[in-house]
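Asks: Mind having a look at this structure? Questions to follow.
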Amino acid sequence: MKDKMTALGASLGPAVPIAAVGGGESVSSSRLLERTMAMIDSELQTQDPPISADVAAPSARIHWSPRFQPKDADLLAHNEIVIAASRVTVWRHLVEAPKWPDWYPNARDVRIVSGRSDVLENNSRFEFRTFGMHIDARVGEFLPERRLGWFGNGIGINAYHTWLLIEVADGCKVVTEKVAKGPAAVVLRSTDPAVVHKGHEVWLRSLKLISEQQNRTT
């Protein structure tokens, strides 16, 4: 597990301002990712294997592309969280993709290459690095403050990553799921079946932290 976390963190950038996710002081992105994934890994030791739970958990409310269905996945991840903030706040952090590295340590070199350069829109094309891979992506679903999904292609991997925002009494429930196919997805799964689940858990916890912090200051 340590080698996997080191590999994920090796190419990440400098310090990020979400110390609470990592446990206190400001730390480097790679240290933050390592700490958070280690914490999540420890929590998962007492649960059913996440990959088994994820396979059984896809939301019936997700809009899947015909080319990407959970039943056909080489790698599937399902994560969800409730955030004590409005959908407007959560959505803004999701679509401001160039700012992801400021609060999510597993995203780097994010650049929107078509349309507006500061926020994702319908059919936006963008690129970023995640899980040690360069990904070229295109937004395929865009329903403001409700649904966001993109196709992502890298060397040996093709994926669809989708986000669903649901208004609840406590704020906003966020469901995110990914279907990935290809030899690189098979390698990720064989190395650690829950690695994408853990990475996306970091993403959701970081999104929760930054959204709730903003909610308290507005």
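The values are calculated or read from the model by the stated rules, or taken from the named source; none is laboratory data. Every value quoted in this text rests on a predicted model; they were computed, and no experiment measured them. With ideal geometry, Cβ positions are generated from the backbone for all residues, glycine too; neighbour counts draw on all protein chains shown.
Asks: For the range 157-168, state whether one or more residues are modelled with pLDDT under 95 and either surrounded by 19 or more Cβ atoms within 10 Å (Cβ to Cβ) or touching a Leu at 6+ places or on another chain (Cβ under 8 Å) (or both).
Replies: No, every residue in the range 157-168 fails to be modelled with pLDDT under 95 and either surrounded by 19 or more Cβ atoms within 10 Å (Cβ to Cβ) or touching a Leu at 6+ places or on another chain (Cβ under 8 Å) (or both).
Asks: Still on this structure, please answer the following. Which residues, taken from the range 125-154, are assigned to a loop (DSSP other than H, G, I, E, B) and either without any contact (Cβ under 8 Å) to a residue 24 or more places away in the chain or among the charged types (D, E, K, R) (or both)? Quick ask: steps written out before the conclusion?
Replies: At the first step, the residues of the range 125-154 found to be assigned to a loop (DSSP other than H, G, I, E, B) are 131-132, 144-146.
Hits for the range 125-154 are 145, 146.
Asks: Now, a different point. Checking the condition in contact with a strand residue (DSSP E or B) (Cβ under 7 Å, 6 or more places away or on another chain), surrounded by 17 or more Cβ atoms within 10 Å (Cβ to Cβ) and hydroxyl-bearing (Ser, Thr, Tyr), which residue from 65, 114, 86 passes? Write out each step before concluding.
Replies: On the way: 65 fails: surrounded by 17 or more Cβ atoms within 10 Å (Cβ to Cβ); 114 fails: surrounded by 17 or more Cβ atoms within 10 Å (Cβ to Cβ).
The unique qualifying residue is 86.
Asks: Let me ask something additional. May I ask you to list pairs of residues, at least six apart or on different chains, whose Cβ atoms are under 6 Å apart, with the first in the range 183-199 being free of Cβ contacts under 8 Å to residues at least 60 places away in the same chain and the second being outside any helix (DSSP H, G or I) and surrounded by fewer than 20 Cβ atoms within 10 Å (Cβ to Cβ)?
Replies: Filtered contacts from the range 183-199: 183/156; 184/156.
Asks: Considering (1) farther than 25 Å from residue 81 by Cα; (2) not in a strand (DSSP E or B), say which one residue 101 fails and leave the rest.
Replies: (1)
Asks: Right, next: Filter the range 155-172 for residues that are hydrophobic (A, V, I, L, M, F, W, C) and part of a strand (DSSP E or B); which is farthest from the chain's Cα centre (by Cα)? Before the answer, list the steps.
Replies: Of the range 155-172, the ones hydrophobic (A, V, I, L, M, F, W, C) are 155, 157, 159, 163-166, 168-169, 172.
Those still in the list that are part of a strand (DSSP E or B) too: 157, 159, 163-166, 168, 172.
Working: 157: 16, 159: 13, 163: 9, 164: 12, 165: 14, 166: 17, 168: 21, 172: 16 Å.
Across the range 155-172, the extreme among qualifying residues is 168.
Asks: Another question about this same structure. Taking the residues in the range 194-208 that are of a type in the set (A, V, I, L, M, F, W, C) and out of contact with any His (no Cβ under 7 Å at 6 or more places or on another chain) as candidates, determine which candidate is surrounded by the fewest Cβ atoms within 10 Å (Cβ to Cβ). Steps first, please.
Replies: The first filter runs over the range 194-208 and keeps only residues of a type in the set (A, V, I, L, M, F, W, C), leaving 194-196, 202-204, 207.
Of the ones still in play, those that are also out of contact with any His (no Cβ under 7 Å at 6 or more places or on another chain) are 194-196, 202-204.
On the way: 194: 22, 195: 23, 196: 27, 202: 23, 203: 23, 204: 19.
Of everything passing the filter in the range 194-208, 204 is surrounded by the fewest Cβ atoms within 10 Å (Cβ to Cβ).
Asks: So how many residues does the range 93-108 have that are hydrophobic (A, V, I, L, M, F, W, C) and more than 12 Å from the chain's Cα centre (by Cα)?
Replies: Here is the first cut: in the range 93-108, the residues hydrophobic (A, V, I, L, M, F, W, C) are 94-95, 97, 100, 103, 107.
Retained after the next criterion (residues that are more than 12 Å from the chain's Cα centre (by Cα)): 95.
Looking only at that region, the number is 1.
Asks: So, of the residues in the range 173-193 that are outside any helix (DSSP H, G or I) and surrounded by fewer than 22 Cβ atoms within 10 Å (Cβ to Cβ), which turns out to be farthest from the chain's Cα centre (by Cα)? Let's see the steps before the verdict.
Replies: We begin by selecting, within the range 173-193, every residue outside any helix (DSSP H, G or I); these are 173-182, 192-193.
Next cut, surrounded by fewer than 22 Cβ atoms within 10 Å (Cβ to Cβ) only: 173, 175, 181-182, 192-193.
On the way: 173: 15, 175: 10, 181: 17, 182: 19, 192: 17, 193: 16 Å.
Top of the filtered list is 182.
Asks: Looking at (1) basic (Lys, Arg); (2) modelled with pLDDT of 95 or more; (3) not in a strand (DSSP E or B), which one does residue 116 not meet, given that it meets all the others?
Replies: (2)
Asks: Please state which of the following conditions residue 71 fails to meet, knowing it meets all the rest: (1) charged (D, E, K, R); (2) free of Cβ contacts under 8 Å to residues at least 12 places away in the same chain; (3) surrounded by 14 or more Cβ atoms within 10 Å (Cβ to Cβ); (4) closer than 25 Å to residue 181 by Cα.
Replies: (3)
Asks: For residue 210, which of the numbered conditions (1) under 15 Å from the mean Cα position of the chain (by Cα); (2) over 18 Å from residue 62 (Cα atoms); (3) modelled with pLDDT of 95 or more; (4) not polar (S, T, N, Q) fails to hold?
Replies: The single condition residue 210 does not satisfy is (3).
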